[in-house]
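Step one of this worksheet: look at the structure below.
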Amino acid sequence: MTQHSASGTVFKAQKFTDFPSMKEALIARKIDATFMIAPLAMKLASDGVPVKICYLGHRDGSALVVGKDSPIRDFKDLAGKTVAIPSRFSNQNLLMQRMMKKNGMPIDSMVLKEVPPPEHPSALASKAVDAFIVGEPHPSKAELEGYGRVLYLMKDLWPEFISCVLVVREEVILQQRPLVQELVDGIAASGEWLDEDRETGAQHRKDAAFVVGNMFYSQKPELLEHVLTKPIDRVSYTNLMPPKETFDEIMDLAVETKVLPRRMEFAEYVDTSFAPDLLKVDVPFDRLPMPTEAQLAATKAASQPKPAEPAKK
Amino acid sequence: MSTWALVAAPLAVLLLLLARRLPEGASRWLLPAATGLVAVSLWQLWCDWKSYDLTGGDGKVRRIQVFPGPLDTLAGMVKLASDGQMLRHSVASLYRVAAGFGLACLVGVPLGLWAGWSTRAMQALNPLVQALRPISPIAWIPVAILWFGIKDASAIFLIFVASIFPVVTGTMTAVRAIPQVYVRSAQNFGVRGFELFRRVVFPAALPQILTSLRIALGIAWMVIVAAEMIAVDQGLGYQIMDARNANNYDLVTASMVFIGLIGIGLDAALRRFERLDEVRWGYSKQ
């Protein structure tokens, strides 16, 4: 999984296109750590898969989106509507349950439909659903392509929303502690890097959108820049220590809505011992190395051929 | 380690080796049972081999199972069968397959007869059919959703797409394989046009057409899991997806076994047609 260099361990990133395959790779010990939606990680732990949540991936970074011309103006207008959620084992699902409760709406007052995240925008565009709630970049995509309107960002519904968490196999935690520590420190440091110039131009986030869009996700960098900067608190990458109170609340909601079969204690599925004190993390970061023209061309060539787009301007 | 698998597997292999000495009546049941036992034992052993021990921080050793074995699967099957889920999901899937496969036959058999009979029709039709045939139904999923939404119609369309091309190809080949001597003798007796088609060509091709329908029905049933990946909320394919999402891998394997069993049933049902007098002449071994 790793190779070592002078500046630390190089962790190999593996892209999956769906949660079930990723989960199976984790169960089969083909990957050692992963980011996944929090309740799914809790479900794995409750099913006896030896994994622990060690850190958070980010805060906020989801949105509740309705059709552009839809008459839906606030949460209560969603009564009787169909809302796409990424999975029943997602905090987006639990958030909807929490909001219904908060608004005094019965639990069956809207239809929550599990739809794979990449299909959320097209499901809304084709009016197969009236709204969707999912992680970025899908809300931004619906917004930029003109058929979606953000009804709420997470800061309006459940501030400091937890969506994805870092899950590590217990075997690795027990046997390779320093390695896990290095991984968590690296995630913490890169999160700090992404957030540190948020108020002053957010150049770090723009760089990240450019590099990641071109080199890793085959997503348009403009889309990712929108995700990361409009507004700037759409998603944040600091304050990622798993908080007990929030997880207890998630656990209660999950048990109450039968998403999880039984209540687990925080320590059964979370290991906060790696979460670093940000003031002490000292990983040298300046700017992400910009890809060279040759690297960009190579990545483009490797990705599937796409129809030529009309030149802009 | 499961000792039963270690004992059962060699016994079953021994039985298979002694196949020639078994009496005719017994071999019909014993041989498939022995093959099944070998497969199930290997499955169990594979499962054991993949499991591992994890020593926790407190020194306690836990045995971690990676995937469900045959016994977990059997328990899953009992659970699904006893709480009625199995019946509900099977009916939903069978309905979709009946609709999709039925439509494929209604459209595909006439097209195939036409293309088999007329060289011009074949020239016109065949390249398109052969180009569409290898496209996986999974690739059609986005198209299906955009055209038919996320209800039954999409799943039925996927089954239709998966089964129509084998039906057309099979029927066409069946007609083209009719010995010319049948056609010429009929023509000598003055049978022509539609009458020739109805009285000679169709009956002559029917045995092969039925065989191609059996293959197509197998494909249609196989596609059920892919077809029900679309956001439908019942059916065996849906159940596999749902159990997979929920970590209930024992229910995944249980549903797989049910799909296989129902597949055997469907094939057996279609084979009954082969015993009809109109068709039976085409099978030399029966």
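The values are calculated or read from the model by the stated rules, or taken from the named source; none is laboratory data. Keep in mind the model is a prediction, meaning the values are calculated, not measured. Every residue, glycine among them, receives a Cβ derived from its backbone with ideal geometry; neighbour counts consider all protein chains shown.
Just one of (1) crowded, with 17+ Cβ neighbours inside 10 Å; (2) more than 17 Å from the chain's Cα centre (by Cα); (3) β-branched (V, I, T); (4) at pLDDT below 90 fails for B:V252. It is (4).
Residue-wise test of (1) more than 23 Å from A:A13 (Cα to Cα); (2) aromatic (F, W, Y).
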| residue | (1), (2) |
| --- | --- |
| A:L157 | yes, no |
| A:V167 | no, no |
| A:E170 | no, no |
| A:L174 | no, no |
| A:D197 | yes, no |
| A:F216 | no, yes |
| A:E225 | no, no |
| A:P231 | yes, no |
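Among the conditions (1) assigned to a helix (DSSP H, G or I); (2) more than 25 Å from B:I240 (Cβ to Cβ); (3) within 14 Å of chain A (Cβ to nearest Cβ), B:R63 misses just one, which is (1).
One residue stands out in segment B:172-201 among those that are surrounded by 14 or more Cβ atoms within 10 Å (Cβ to Cβ) and without any contact (Cβ under 8 Å) to a residue 24 or more places away in the chain: the one that is nearest to B:A216 (Cα to Cα), namely B:V200.
Determine whether segment A:282-290 contains at least one residue that is surrounded by 14 or more Cβ atoms within 10 Å (Cβ to Cβ), at pLDDT 85 or above, among the aromatic types (F, W, Y) and assigned to a loop (DSSP other than H, G, I, E, B). No, there is no match, as no residue in segment A:282-290 is surrounded by 14 or more Cβ atoms within 10 Å (Cβ to Cβ), at pLDDT 85 or above, among the aromatic types (F, W, Y) and assigned to a loop (DSSP other than H, G, I, E, B).
Inside segment A:48-60, can you point out the residues that are under 17 Å from B:N248 (Cα atoms), modelled with pLDDT of 90 or more and not β-branched (V, I, T)? Within segment A:48-60, A:P50 is the sole residue that qualifies. Looking at segment B:108-160 only, could you name the residues that are of a type outside the set (G, A, S), touching a residue at least 60 places away in the same chain (Cβ under 8 Å) and more than 14 Å from every other protein chain (Cβ to nearest Cβ)? Hits for segment B:108-160 are B:V109, B:L111, B:L113, B:W117, B:P137, B:I156, B:L158, B:I159, B:F160. So is B:W49 assigned to a helix (DSSP H, G or I), away from chain A (no Cβ under 14 Å), farther than 14 Å from A:E171 by Cα and not basic (K, R) or not? In short, no.
Among the residues of this structure, B:Q234 counts as one that is at negative phi, outside any helix (DSSP H, G or I) and at pLDDT below 90. The set of residues in segment A:243-261 being part of a loop (DSSP other than H, G, I, E, B) and either touching a Phe, Trp or Tyr at 6+ places or on another chain (Cβ under 7 Å) or farther than 20 Å from A:I107 by Cβ (or both) consists of A:P243, A:V259. Which residues, counting only those in segment A:221-237, are in a loop (DSSP other than H, G, I, E, B) and out of contact with any His (no Cβ under 9 Å at 6 or more places or on another chain)? Within segment A:221-237, A:K230, A:P231, A:I232, A:D233 meet the criteria. For B:A115, indicate whether it is at pLDDT 90 or above, over 21 Å from the mean Cα position of the chain (by Cα) and surrounded by 19 or more Cβ atoms within 10 Å (Cβ to Cβ). Against the criterion (at pLDDT 90 or above, over 21 Å from the mean Cα position of the chain (by Cα) and surrounded by 19 or more Cβ atoms within 10 Å (Cβ to Cβ)), B:A115 qualifies. When segment A:163-185 is filtered for residues that are surrounded by fewer than 19 Cβ atoms within 10 Å (Cβ to Cβ), closer than 12 Å to A:A275 by Cα and of a type in the set (D, E, K, R), only A:E182 remains. A:F16 - would you say it is aromatic (F, W, Y) and more than 11 Å from chain B (Cβ to nearest Cβ)? For A:F16, the condition - aromatic (F, W, Y) and more than 11 Å from chain B (Cβ to nearest Cβ) - is met. Only one entry of A:L26, A:L64, A:L40 meets the criterion of being at pLDDT 90 or above and either out of contact with any Lys or Arg (no Cβ under 9 Å at 6 or more places or on another chain) or over 30 Å from A:P178 (Cα atoms) (or both), and that entry is A:L64.
Test B:V167 against the criterion of being under 17 Å from the mean Cα position of the chain (by Cα) and surrounded by fewer than 24 Cβ atoms within 10 Å (Cβ to Cβ), and give yes or no. When the stated conditions are applied, B:V167 does not pass them. Scanning segment A:95-115 turns up no residue that is in contact with an Asp or Glu (Cβ under 7 Å, 6 or more places away or on another chain) and at pLDDT below 90. Entry remark, segment A:155-196: residues being of a type outside the set (A, V, I, L, M), under 19 Å from A:G57 (Cα atoms) and not in a helix (DSSP H, G or I) number 7 in total. Condition first: surrounded by fewer than 19 Cβ atoms within 10 Å (Cβ to Cβ), touching a residue at least 40 places away in the same chain (Cβ under 8 Å), among the hydrophobic types (A, V, I, L, M, F, W, C) and under 17 Å from B:M222 (Cβ atoms). Can you find one or more residues in segment B:84-97 that meet it? Within segment B:84-97, one or more residues are surrounded by fewer than 19 Cβ atoms within 10 Å (Cβ to Cβ), touching a residue at least 40 places away in the same chain (Cβ under 8 Å), among the hydrophobic types (A, V, I, L, M, F, W, C) and under 17 Å from B:M222 (Cβ atoms).
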